[in-house]
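*Asks:* The structure is given below, and queries will be raised subsequently.
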Amino acid sequence: MDIILMGAPGAGKGTQAERLQKELHCTHISTGDVLRKEMASGSELGKEISAVINRGDLISDEMMLSILKKVVAGAKGDIIFDGFPRTVQQAQMLDNMLAETGRKPGKVIHISLPEEVVIARLSARKQCKLPSGETKQIGPDFSLADCQAQGGEIFTRKDDTPESISHRLSVYHKQTAPVVEFYRNAGRFVEVNGDQTPDEVFADLLKILKA
Ligand code: AP5
Ligand code: MG
């Protein structure tokens, strides 16, 4: 069954989804990663969305869904959605898309943690661009030393500036927090404490998903 991983910017969605993908042998779809790849490709679409993403706003629901549909069509096995849905309209669109394609909706897990913790995490976050062009995030599973040893270049996401972090959080409260309520009322919603070590959060997630 497909899993939805929700949480504020910096909650640890990407970190945990990567681990879950390895453990559960499913496909991790981060809409943020999909959009950043589009920007890096230099395509017209990438150019069109880059200003929106860098300042921390959401791209339109229609555009997001049309991009997502192609990625979902190529997915193998169950999917972990990371960063989607982010509006109530996207949640409704996702329900329809899963029903149309015969996919089974599973748990919706919200990683919750205090805002000052996410601000501190995002302000300190670093990325690594490997010589192959692949981007990896520096974190518990890929260290600065790993990046340097592989000849990678360290950089900061353009939306991790103090202005953009603050804007992303306000967008989250306005547009994405209502999605939490949408799922809370639908009966497949679970909350996890994100203010723990990555290993502790992962253990909690596995407990929920293997229950
Ligand atoms: P996206 O890339 O999804 O950004 P986000 O939601 O703001 O989330 P982040 O990726 O910043 O954080 P995360 O929760 O993945 O945390 P991470 O694991 O990295 O989206 C970017 C943009 O794309 C959006 O702003 C929007 O413009 C656009 N977009 C995306 N989806 C869209 C949609 N559906 N509709 C419209 N537009 C869309 O962890 C953060 C840091 O904390 C890392 O440094 C990590 O190492 C560290 N960390 C993680 N866990 C822990 C822990 N337990 N303890 C200590 N440190 C930890
Ligand atoms: Mg992420």
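The values are calculated or read from the model by the stated rules, or taken from the named source; none is laboratory data. Quick caveat: nothing in here was measured; it's all calculated off a predicted structure. Please note: Cβ atoms are built from the backbone with ideal geometry, for glycine as well, and neighbour counts cover all protein chains shown.
*Asks:* Do you know which residues across the stretch 8-27 are within 11 Å of ligand 1 (Cβ to nearest atom) and of a type outside the set (A, V, I, L, M)?
*Replies:* Taking the stretch 8-27 first, the residues within 11 Å of ligand 1 (Cβ to nearest atom) are 8-19.
Across the stretch 8-27, the qualifying residues are Pro9, Gly10, Gly12, Lys13, Gly14, Thr15, Gln16, Glu18, Arg19.
*Asks:* Specify which of the listed residues (Pro114, Pro105, Pro85) is under 30 Å from Ala211 (Cβ atoms) and within 16 Å of ligand 2 (Cβ to nearest atom). First the steps, then the outcome.
*Replies:* Details: Pro114 fails: within 16 Å of ligand 2 (Cβ to nearest atom); Pro105 fails: within 16 Å of ligand 2 (Cβ to nearest atom).
Within the list Pro114, Pro105, Pro85, the selection yields Pro85.
*Asks:* Here's something else I'd like to know. Please identify the pairs in which a residue from the stretch 42-57 that is on the phi < 0 side of the Ramachandran plot has its Cβ atom under 6 Å from the Cβ atom of a residue that is of a type in the set (D, E, K, R), counting only partners at least 6 apart or on another chain.
*Replies:* Short answer, once both residue conditions are applied: Leu45/Glu38; Gly46/Glu38; Asn54/Lys158; Asn54/Asp159.
*Asks:* So, in the stretch 50-62, how many residues would count as being among the hydrophobic types (A, V, I, L, M, F, W, C), within 8 Å of ligand 1 (Cβ to nearest atom) and either at pLDDT below 95 or part of a helix (DSSP H, G or I) (or both)? Walk me through it before giving the result.
*Replies:* Going through the stretch 50-62, the residues among the hydrophobic types (A, V, I, L, M, F, W, C) turn out to be 51-53, 58-59.
Next cut, within 8 Å of ligand 1 (Cβ to nearest atom) only: 52-53, 58-59.
Those still in the list that are either at pLDDT below 95 or part of a helix (DSSP H, G or I) (or both) too: 52-53.
Result for the stretch 50-62: 2.
*Asks:* Looking only at the stretch 1-33, how many residues end up being crowded, with 18+ Cβ neighbours inside 10 Å and out of contact with any strand residue (DSSP E or B) (no Cβ under 9 Å at 6 or more places or on another chain)?
*Replies:* Residues that pass the stated criteria total 3.
*Asks:* Keeping to the stretch 4-39, report how many residues are aliphatic (A, V, I, L, M), assigned to a helix (DSSP H, G or I) and in contact (Cβ under 8 Å) with a residue 60 or more places away in the chain.
*Replies:* Initially, the stretch 4-39 is screened for residues aliphatic (A, V, I, L, M), giving 4-6, 8, 11, 17, 20, 24, 29, 34-35, 39.
Cutting the leftovers down to assigned to a helix (DSSP H, G or I) gives us 17, 20, 24, 34-35, 39.
Retained after the next criterion (residues that are in contact (Cβ under 8 Å) with a residue 60 or more places away in the chain): 17, 20, 24.
The total comes to 3.
*Asks:* Another question, then. Just to be sure I understand, how many residues within the stretch 171-194 are surrounded by fewer than 16 Cβ atoms within 10 Å (Cβ to Cβ) and in a loop (DSSP other than H, G, I, E, B)?
*Replies:* Going through the stretch 171-194 one residue at a time, the tally reaches 4.
*Asks:* Let me ask something else about it. What residue, among those in the stretch 12-40 that are among the β-branched types (Val, Ile, Thr) and within 15 Å of ligand 2 (Cβ to nearest atom), is farthest from Asp204 (Cα to Cα)?
*Replies:* First, the residues of the stretch 12-40 that are among the β-branched types (Val, Ile, Thr): 15, 27, 29, 31, 34.
After this cut, where a residue has to be within 15 Å of ligand 2 (Cβ to nearest atom) as well, the list is 15, 29, 31, 34.
Working: Thr15: 14, Ile29: 21, Thr31: 24, Val34: 27 Å.
Applying the filter and picking the extreme gives Val34.
*Asks:* Filter the stretch 100-148 down to residues that are part of a helix (DSSP H, G or I) and surrounded by 12 or more Cβ atoms within 10 Å (Cβ to Cβ), then give me how many there are. Talk me through it step by step, then tell me what you get.
*Replies:* Within the stretch 100-148, the subset part of a helix (DSSP H, G or I) is 100-101, 115-124, 144-148.
Remaining after also requiring surrounded by 12 or more Cβ atoms within 10 Å (Cβ to Cβ): 115, 117-123, 144, 146-148.
Counting residues in the stretch 100-148 that are part of a helix (DSSP H, G or I) and surrounded by 12 or more Cβ atoms within 10 Å (Cβ to Cβ) gives 12.
*Asks:* Something else about it: Is it the case that some residue within the stretch 65-73 is within 16 Å of ligand 2 (Cβ to nearest atom) and either on the phi > 0 side of the Ramachandran plot or in a strand (DSSP E or B) (or both)?
*Replies:* no
*Asks:* Now for a different question. Of the conditions (1) farther than 26 Å from Lys207 by Cα; (2) more than 15 Å from ligand 2 (Cβ to nearest atom); (3) surrounded by 17 or more Cβ atoms within 10 Å (Cβ to Cβ), Ser43 fails just one. Which one is it?
*Replies:* Only one criterion is unmet by Ser43, namely (3).
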